[in-house]
Amino acid sequence: MIRFERVSVRYEGTEHPTLSGVDLTVPEGELVLLVGPSGVGKSTLLGTVSGLVPHFTGGLLSGRVIVGGRDTRTHKPRELADLVGTVGQDPLAHFVTDTVEDELAYGMESLGLAPDVMRRRVEETLDLLGLAELRDRPIATLSGGQQQRVAIGSVLTPHPRVLVLDEPTSALDPAAAEEVLAVLQRLVHDLGTTVLMAEHRLERVVQYADQVVLLPAPGAAPVMGPPAEIMKVSPVRPPVAELGLLAGWDPLPLSVRDARRGAGGLRERLADAAPPVPPEASARPTVVHPPVPRASRPGRFARLLSRKAEARVAAADPVADPVTRVEGLGVRRGRVEALRRVTLTVAPGETVALMGRNGAGKSTLLGALVGMIEPTAGTVRVGGLAPARTDPRAMVRRVGLVPQEPRDLLYADTVAAECAAADRDAGAAEGSCRALVSELLPGVGDDTHPRDLSEGQRLALALALVLTGRPPLLLLDEPTRGLDYAAKARLVGVLRGLAAEGHAIVLATHDVELAAELAHRVVILAEGEVVADGPTGRVVVSSPAFAPQTAKILAPQEWLTVSQVRGALEAGA
């Protein structure tokens, strides 16, 4: 279905080609996963399939890409639209209408499909992706994960024979990601759709792949083969494969189910060892807020539960002078209660992970903490100030936010100019920001334009800009979106260092592996309410949705990460 013949791509002004010597075939009706470190050219390779490279992005394409018999050098993207559906890393860049239902129909209208066919396919896609309740919602009011599902749905409705997906689950909660992957499986198995997908969260997708294409380094020729064989040699691999290599399991497991079958011996070796517990987490008991029936809100029972839960949080909080304190926070947007009765305290040196399904209120809570959103009830205090009623110039030294869309923070033409501006704004020593960029993004030159960076690299650059000010409270919204495992490990190292220096960190994330590696506490939101707040181990191990792979494999033992297991084995377990 897709054939690459000696494909190379070089962009103007670059010393080396982004892609070189790509020579492989993607069979019809298979799900092929594209993996590799950030910046190796995965998005460029995907772009050659849809014709966006080079017709839209520019650059010099040599060799040929044949899709369904059409040569992408002579067929522009609009001439491939009936054959190839594409969803990039940034769904907002693809939307052309205002509402969910209109966006799902737009691609079919462009192809001239009959109205009755369009209506049927829109309804099918709404059900497939769990979007029926959002059909009339303006796209601008949706969460990042909801927008991601709409973007995927908009390319499904024309029924393309080839789907090209760049980080399709990066902004989705675990349950929504499973739903999307189930839809892709159905398209591949039942309809013979060919899916070519790039994804950094391999723990979600590698077990579904028929084949894996590894791009090991920029400009290096790709390697294609069975998933288990490629994972043995790949520089990026999911925790289940990392644990399998550590334990010496053969064949290498790719799913939690397969790993659990062979984990009995490892559990016995770890039986007398105990996972390390951060001291900040051990002092705070788990607080579980019983779910309140929808019909009873905001009745007497709901208010009673809320008051009891808030009292337990206050009693559990040993901090006399927290960095931030939220009490009874409510936020209403039109008819939607985005947050209700949220109480939260974050101490100096504490890292808190906000988790929950898409639309649960995580980004709204971060917006209230930074002062972008005015509370409609309750109070928010950061460093003793009310963020929404304080001059932003005063707040910037107290709290910094890295948003889901890093481009919102990037204005200059080069990395060097961005860093120089960040140093001036923060009053930091010259070169402070550049040093952070070098730590998070090794190998990125000063003259690189931010738009030429991958989504993950732009996010790391935005993080460096915010970290330059070293705010006491650091807020991150989906900080690992687009990051490979090596980049994520570097990010974890930087954030751990900041926490050790006394910075409070609150991160909204769907990345359960990041929460397990970094967070002292996990706070789970549902429909704008806090339903659980406690030490990471106690909260996530008991949750099928938010437990990391290592916890699922070794349950009921409370091991969260491969690094914990490796440390125990090296200590003689």
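With θ taken as phi - 60° and the Karplus curve 6.51 cos²θ - 1.76 cosθ + 1.60 applied, the whole-hertz 3J(HN,Hα) list for the stretch 252-269 is 5, x, 10, 10, 4, 4, 5, 5, 4, 4, x, 8, x, x, 5, 4, 5, 5 Hz, x standing for glycine and proline. Summary of the geometry: the stretch 190-246 and the stretch 66-111, compared by the centres of their Cα atoms, lie 26 Å apart. In the stretch 486-573, a dipole from Cβ-located charges (positive for Lys and Arg, negative for Asp and Glu) runs towards its positive end, and of GLY537, GLY502, GLY567 it is GLY567 whose Cα lies farthest in that direction. Dividing the summed helix terms, -39500 (n - 2.57) for each DSSP H run of n ≥ 4, by the number of residues in the chain produces a 222 nm estimate of -11000 deg cm²/dmol to the nearest 500. Think of each Lys and Arg Cβ as +1 and each Asp and Glu Cβ as -1; about the Cα centre, that makes the dipole of the stretch 72-219 roughly 440 debye. Among DSSP beta bridges whose residues both lie in the chain, state the antiparallel percentage, nearest 5. Around 55 percent antiparallel, to the nearest 5.
Surface composition of the chain: carbon plus sulfur atoms contribute 52% of the solvent-accessible area (1.4 Å probe, protein chains only, all chains present).
Every pair of different Cα atoms in the stretch 7-165 enters the Kirkwood calculation, which places the hydrodynamic radius at 16.9 Å. Summed over the residues of the chain and divided among them, the accessible surface reaches 42 Å² per residue at a probe radius of 1.4 Å.
Candidate cross-link partners of LYS76 among the lysines, defined by an alpha-carbon separation under 26 Å and a same-chain spacing of 8 or more, comprise LYS42.
Starting from the Cα gyration tensor of the stretch 419-560, take the square roots of the eigenvalues, sort them a ≥ b ≥ c, and report rounded, prolate or oblate (rounded when a/c is under 1.5, otherwise prolate if a/b is larger than b/c, else oblate). Cα axes put the stretch 419-560 in the prolate bin. Modelled label positions at ALA377 and GLU123, each set 7 Å beyond Cα in the direction of Cβ, lie 3.8 nm from each other. Counting only Cβ charges, +1 for Lys and Arg and -1 for Asp and Glu, the dipole size of the chain around its Cα centre is about 1440 debye.
Can you give the alpha-carbon Rg of the chain over 2.2 N^0.38 Å, where N counts its residues?
On the way: Rg = 23.8 Å, N = 573, 2.2 N^0.38 = 24.6 Å.
This ratio for the chain stands at 0.97.
Amide H contacts under 5 Å for ALA377: GLY330, restricted to partners 5 or more places along the chain or on a different chain, H placed in the peptide plane at 1.01 Å from N.
The values are calculated or read from the model by the stated rules, or taken from the named source; none is laboratory data. In this text, all values refer to a predicted model and were calculated from it rather than measured experimentally. Every residue, glycine among them, receives a Cβ derived from its backbone with ideal geometry; neighbour counts consider all protein chains shown. Just so you know, the surface numbers come from the protein's heavy atoms only, side chains and all, with ligands and any DNA or RNA stripped out. Shrake-Rupley method; radii C 1.70, N 1.55, O 1.52, S 1.80 Å.
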